[in-house]
Amino acid sequence: CCTSCCGPVVQFKLSDIGEGIMEVTVKEWYVKEGDKVSQFDSICEVQSDKASVTITSRYDGVIKKLYYDVDATALVGKPLVDIETESKEDVVETPAMAREEHTHQEIKGHKTQATPAVRRLAIENNIKLSEVVGTGKDGRILKEDIMNFLAKQTGAILPPAPVQEIQTPGPSPPSAAAPAGRPTSPSTLVKAPPPRTTPVFTGKDVTEPVKGFHKAMVKTMTAALKIPHFGYCDEVDLSRLVALRTELKPIAESRGVKLSYMPFFIKVRSKSMCSRGSPWWQASHNIGLAMDTSQGLLVPNVKNVQLLSVFEIAQELNRLQALGTAGQLGTAHLSGGTFTLSNIGSIGGTYAKPVILPPEVAIGALGKIQVLPRFGAGNQVVRAHIMNVSWSADHRVIDGATMCRFSNLWREYLENPAAMVLDLK
């Protein structure tokens, strides 16, 4: 249509999303060029080194241009998209962005056809798609076409070597018992085995930039290196807790909540807080759970555990795990932690050496629960559910005796869960 019937094109810039963040990674586009959008419609999802954020539109109009590809780094204050608004004002011309990428070159008046994965493979190997003959439908370039082209560039498979004739040595000289005048057997011609085809290796190392939550983890672990860690390990007999959880699990499931052992561990951690004035006394018990997600290691925390029941903690853990699986954990879920527990035993292992997350001063790692023989009453060997726990404390503020007393109280509550009921508030 003509210019007079179109609204102005505005550059929608990436706003400041707080926390001093200056750049983000574009994880997913919810729109494409030509799509109509309204105010508050989702445009894309970006990820900083602290959280994932959904960017929404401030205008009604049509998407005219996307400035970034998926996984590209976008800068705060720079254009994110161009939107042609529905206003009848003069059109605001936006300069076209020069593109020298060879992935969009034309062949005989038509653009090359290839999936984003194939284009990325071509870029990583410095291959121009215009030089590759596509064998897919309508000339589409496939991954196999790129690999075959790369093999030709790096060297073809060696041709088979010519068949050689090898003469075997003649028989050994006749012994004294053999007739002296008997002729020896002629040498035998034997064909060599077929040559082995040497494959051509076309793989290439790829350097991935550290960004998003991984970048935040690098900063946190670098800061943790400055902390003098004091380690303390112990074993806990969870036999009574296993029986209690077995009894309560169907009740929790009838209320729509999955009950694991972690809510008990978290609540007991809160009950085992030392008295006021100790190095790690805090009014709010925001206990974090190290969570293995598709985005990497994240540590959301359950707020104010001292005010929650075991069932309420289980509800909150179910919610945080669902958000972690969906990649929707935000800054509010990941900040404000006062202590962290790592349930590494759910994957495997018995002992660990957990690393403190600054500014916290202690962390615990829980090993897997094993059924092992132990001596019971009357020195009889019994089956026991044993879990190993590994603590790390900042030795500048927590001494070994304090760590040991805390661990003893934590273990006593778990080994005798009925005693915890007496102290619940």
Quick check: is even one residue across region 259-282 over 23 Å from residue 390 (Cβ atoms) and under 27 Å from the mean Cα position of the chain (by Cα)?
yes
Strands (runs of 3 or more DSSP E) within region 161-270 that include 2 or more residues farther than 26 Å from residue 352 by Cα, open to solvent by 90 Å² or more (accessible area, probe 1.4 Å) and at pLDDT below 60
165-167
Can you name the strands (runs of 3 or more DSSP E) wholly within region 43-113 that have at least 2 residues being over 32 Å from the mean Cα position of the chain (by Cα), modelled with pLDDT of 85 or more and over 26 Å from residue 22 (Cβ atoms)?
61-66, 79-85
Subset of region 17-38 (residues that are open to solvent by less than 90 Å² (accessible area, probe 1.4 Å) and touching a strand residue (DSSP E or B) at 6+ places or on another chain (Cβ under 8 Å)):
17, 23, 24, 25, 26, 27, 28, 29, 31, 34, 35, 37
On the given criteria, is residue 347 free of Cβ contacts under 8 Å to residues at least 60 places away in the same chain, touching a Ser or Thr at 6+ places or on another chain (Cβ under 7 Å) and of a type outside the set (Asp, Glu)?
no
Test for residue 391: is it at pLDDT 95 or above and aromatic (Phe, Trp, Tyr)
yes
Please determine, by comparing only the residues of region 295-353 that are touching a Gly at 6+ places or on another chain (Cβ under 8 Å) and small (Gly, Ala, Ser), which one is farthest from residue 257 (Cα to Cα).
352
Any idea how many residues of region 273-313 are modelled with pLDDT under 90, assigned to a loop (DSSP other than H, G, I, E, B) and in contact with a strand residue (DSSP E or B) (Cβ under 8 Å, 6 or more places away or on another chain)?
2
May I ask you to list pairs of residues, at least six apart or on different chains, whose Cβ atoms are under 6 Å apart, with the first in region 400-421 being of a type in the set (Phe, Trp, Tyr) and the second being in a helix (DSSP H, G or I) and open to solvent by less than 40 Å² (accessible area, probe 1.4 Å)?
410/268; 413/268; 413/420
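Filtering region 324-337 down to residues that are open to solvent by less than 30 Å² (accessible area, probe 1.4 Å) and part of a loop (DSSP other than H, G, I, E, B), which residue is farthest from residue 286 (Cα to Cα)?
Checking each candidate, the answer is 327.
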Counting only residues that are of a type in the set (A, V, I, L, M, F, W, C), open to solvent by less than 40 Å² (accessible area, probe 1.4 Å) and more than 14 Å from residue 342 (Cβ to Cβ), how many does region 293-316 have?
5
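Conditions (1) of a type in the set (Ser, Thr, Tyr); (2) more than 21 Å from residue 225 (Cβ to Cβ); (3) out of contact with any strand residue (DSSP E or B) (no Cβ under 6 Å at 6 or more places or on another chain), marked per residue:
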site: 346; (1), (2), (3): yes, yes, yes
site: 358; (1), (2), (3): no, no, yes
site: 361; (1), (2), (3): no, no, no
site: 365; (1), (2), (3): no, no, no
site: 369; (1), (2), (3): no, yes, no
site: 377; (1), (2), (3): no, yes, yes
site: 380; (1), (2), (3): no, yes, yes
site: 384; (1), (2), (3): no, yes, no
Filter region 338-364 down to the residues that are among the aliphatic types (A, V, I, L, M) and in contact with a Phe, Trp or Tyr (Cβ under 8 Å, 6 or more places away or on another chain), then identify the one that is most open to solvent (accessible area, probe 1.4 Å).
361
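The values are calculated or read from the model by the stated rules, or taken from the named source; none is laboratory data. Quick caveat: nothing in here was measured; it's all calculated off a predicted structure. Note that we place each Cβ from the backbone using ideal geometry, even for glycine, and neighbour counts take in every protein chain shown. Quick note on the areas: whole protein, heavy atoms, side chains included, nothing else; ligands and nucleic acids left out. Shrake-Rupley method; radii C 1.70, N 1.55, O 1.52, S 1.80 Å.
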